Amino acid sequence: MARYTGPVCRLCRRDGMKLFLKGTRCDTAKCAFERRDSPPGMQQGRRGKPTDYAIHLREKQKVKHYYGVLERQFRRYFAEAERLKGNTGDNLLTLLERRLDNVVHRLGFGLSRAQARQMVHHGHITVNGRTVTIPSYQVRPGDVIRAKNKAKSLGCVRQALGEGTGRDVPDYLSVDPEGVPEGIVGRIPSVDDVSLPVQTQLIVELCSR
C-alpha cells in the first residue's frame with residue numbers, strides 16, 4: 001500500500017489551505033497551518049508570481065494530498081475519468097470520493113483519511129458483511145459499510161465517532177452510530193458532495209498535455 005509518510009502539515013502549508021490531514025487536531029489552535037500558514041522552505045521572500053504551470057500543478061497536488069493518493073494511482077483515476085461519460089473533472093472527483101477509505105472517514109469512523117485507510121487495511125471495516133482490506137475499493141449505491149463486530153474494531157470506530165462529534169456527514173451517506181456502527185451509501189457522490197474547493201478544469205488541462 002503506497003502512501004506518503006512525510007510530515008503532513010507541510011502539505012497544507014504548501015497548498016495554502018487546510019486539508020484536515022490530522023483529524024481533530026486541525027480544528028484546534030495546535031494546527032500548524034494556524035500557527036504558520038506560509039509555504040515551507042527558507043527562501044520564501046524571493047518567490048515571485050507563480051507561473052501558469054505552477055497554478056495548474058497546485059490544483060492537482062491539492063487533490064492528491066487531500067485523498068492521499070500518489071502520482072501513479074492518480075493517473076489511473078484520471079484515465080478512468082476520461083473513459084467515463086460526462087465531465088472528466090467531475091468524474092475524477094467522484095471516483096476519488098467513492099474510495100472506501102474516504103467513505104469511512106466521511107462517515108466519521110476515522111478522524112482522518114490516513115486513519116480510515118489504516119482501519120480498512122487492518123480489517124476493521126466490512127462492506128455488505130464481508131471484510132474489505134483495499135482502501136481504494138469503489139463503493140456503490142446500497143453498500144453497507146460497517147465496523148467489524150469485534151472489540152478492537154468497535155473500539156476504534158466508537159472512539160473516532162466520539163472525538164469527531166459535530167462533523168457533517170454528506171448527503172449521499174447515512175450513518176447509524178448505535179449498536180454496531182454502520183453507514184449506507186445512498187447514491188453515487190457528485191462533485192457538490194466534495195468538501196475541497198478545487199478547480200477541476202485546471203487539473204484536466206494539466207493532465208491532458
| field | Cleavage-rule hits, GluC sites (Glu not before Pro), the stretch 178-209, DSSP coil, Cβ neighbours within 10 Å at most 16 | value | GLU178
| query | log10 I(q)/I(0), Debye, Cα-only the stretch 87-167, no solvent, q = 0.12, 0.15 Å⁻¹? | reply | -0.32, -0.49
| Accessible area, probe 1.4 Å, largest first, for residues LYS85, LYS60 | LYS85, LYS60
| message | Whole-Hz ³J(HN,Hα) for each residue in the stretch 58-63, computed from phi via Karplus 6.51 cos²θ - 1.76 cosθ + 1.60 with θ = phi - 60°, x for glycine and proline: what do you get? | response | 4, 5, 5, 5, 4, 5
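The values are calculated or read from the model by the stated rules, or taken from the named source; none is laboratory data. The structure displayed is predicted, hence computed values, not measured ones. Reconstructed Cβ throughout: ideal geometry from the backbone, glycine too, with neighbour counts over all protein chains shown. Accessible surface areas use protein heavy atoms only, side chains included; no ligands, DNA or RNA. Shrake-Rupley method; radii C 1.70, N 1.55, O 1.52, S 1.80 Å.
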